[in-house]
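So the structure is just underneath, and the comments pick up after that.
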Amino acid sequence: MTAYLIKGVSLLGAAPTDLLIRDGVVAETGADLAAEGATVIDAAGL
């Protein structure tokens, strides 16, 4: 299973949040997410 945790992303101008993607599908959004084994990407300001 491939997982990416994108931290601090602003979706469509909304407040920054975290985005967890598993196997190419958005699995979860929210603040302070954590996922064991996920590749973490810092998207602060993007």
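Under the condition of being open to solvent by 50 Å² or more (accessible area, probe 1.4 Å) and hydroxyl-bearing (Ser, Thr, Tyr), the residues counted in the stretch 1-26 number 2. The set of residues in the stretch 28-46 being small (Gly, Ala, Ser), under 9 Å from the mean Cα position of the chain (by Cα) and surrounded by 11 or more Cβ atoms within 10 Å (Cβ to Cβ) consists of Ala43 alone.
The values are calculated or read from the model by the stated rules, or taken from the named source; none is laboratory data. Quick caveat, the model's predicted, so the values are computed rather than measured. When we count neighbours, we look across all protein chains shown, and the Cβ atoms used for this are built from the backbone with ideal geometry, even at glycine. Quick note on the areas: whole protein, heavy atoms, side chains included, nothing else; ligands and nucleic acids left out. Shrake-Rupley method; radii C 1.70, N 1.55, O 1.52, S 1.80 Å.
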